[in-house]
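Values in this text are rule-based calculations from the coordinates and carry no lab data. Being a predicted model, the structure only gives us computed values, none of them experimental. Quick reminder, even Gly has a Cβ in these numbers, built from the backbone with ideal geometry, and neighbours come from all protein chains shown.
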Ligand code: AP5
């Protein structure tokens, strides 16, 4: 299958490396990456109505209501033959709405990649994550530190910690994931498009596993 026929969902717990891998793959394959988390954070930064509605849920590590998210995804997907969805769907309601939307266009999902990482590794990764508020680059103080102390390598802006990367909020995000998002595994497994990939290892190793799953 040519890369331009790929319609991929990246599923997995917070901090599994979905965003890191989705960005690499989107660049490599030349297809659009749609991250609901990134879109919501930008809306919060810009103080839009969407941002005002979403902020309190995000700061608490809770999910933003389905109605808000589904409308947003419809706009993002419109007109795109191929894409990687990072952080969507997260509930069965979202998954069913996505299927309905894609089936109407006769272009169903081609792959669902679940990136699996144990809880304690997730807490280690997320408490050490730093992000650039200007260009969006993502670092890790342990695994992928910036060259100069907490300054973005790409644009020189001081890095920040996401407001939901505090340990108590991370633990709540993990709980929400298990309760609301983990049931999607069964939903997609039945369809034969589901692949589980071990997310522990270097970024390059995990990317290689994902590409193997996509071509298998
Ligand atoms: P979102 O931004 O989607 O957060 P998340 O799913 O919790 O995922 P993260 O961005 O925290 O982690 P990631 O898996 O992308 O990992 P990353 O690559 O950054 O959502 C945030 C909030 O928005 C939600 O809580 C909710 O409120 C709302 N929201 C978003 N979508 C929604 C939806 N569909 N419905 C309802 N609400 C929604 O990596 C993490 C760290 O690890 C980084 O520091 C990275 O450098 C490092 N790292 C990556 N790979 C490796 C590796 N192989 N080894 C070591 N370190 C690594």
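In summary, helices (runs of 4 or more DSSP H) completely within the range 32-83 and bearing 3 or more residues that are surrounded by 19 or more Cβ atoms within 10 Å (Cβ to Cβ) and within 8 Å of the ligand (Cβ to nearest atom) occur at 36-46. Being closer than 25 Å to residue 3 by Cα, touching a residue at least 12 places away in the same chain (Cβ under 8 Å) and within 15 Å of the ligand (Cβ to nearest atom) holds for only one residue in 214, 159, 207, and it is 207.
Against the conditions (1) under 28 Å from residue 28 (Cα atoms); (2) surrounded by 16 or more Cβ atoms within 10 Å (Cβ to Cβ); (3) in contact with a helix residue (DSSP H, G or I) (Cβ under 9 Å, 6 or more places away or on another chain), residue 161 satisfies every one except (2). Among the numbered conditions (1) touching a strand residue (DSSP E or B) at 6+ places or on another chain (Cβ under 8 Å); (2) more than 18 Å from residue 110 (Cα to Cα), the only one that residue 26 does not meet is (2).
In the range 182-197 there is at least one residue matching the filter, namely being within 14 Å of residue 11 (Cα to Cα), more than 17 Å from the chain's Cα centre (by Cα) and without any contact (Cβ under 8 Å) to a residue 24 or more places away in the chain. Being within 11 Å of the ligand (Cβ to nearest atom), part of a helix (DSSP H, G or I) and without any contact (Cβ under 8 Å) to a residue 40 or more places away in the chain is the filter here, so list the residues in the range 99-131 that pass it. Across the range 99-131, the qualifying residue is only 124.
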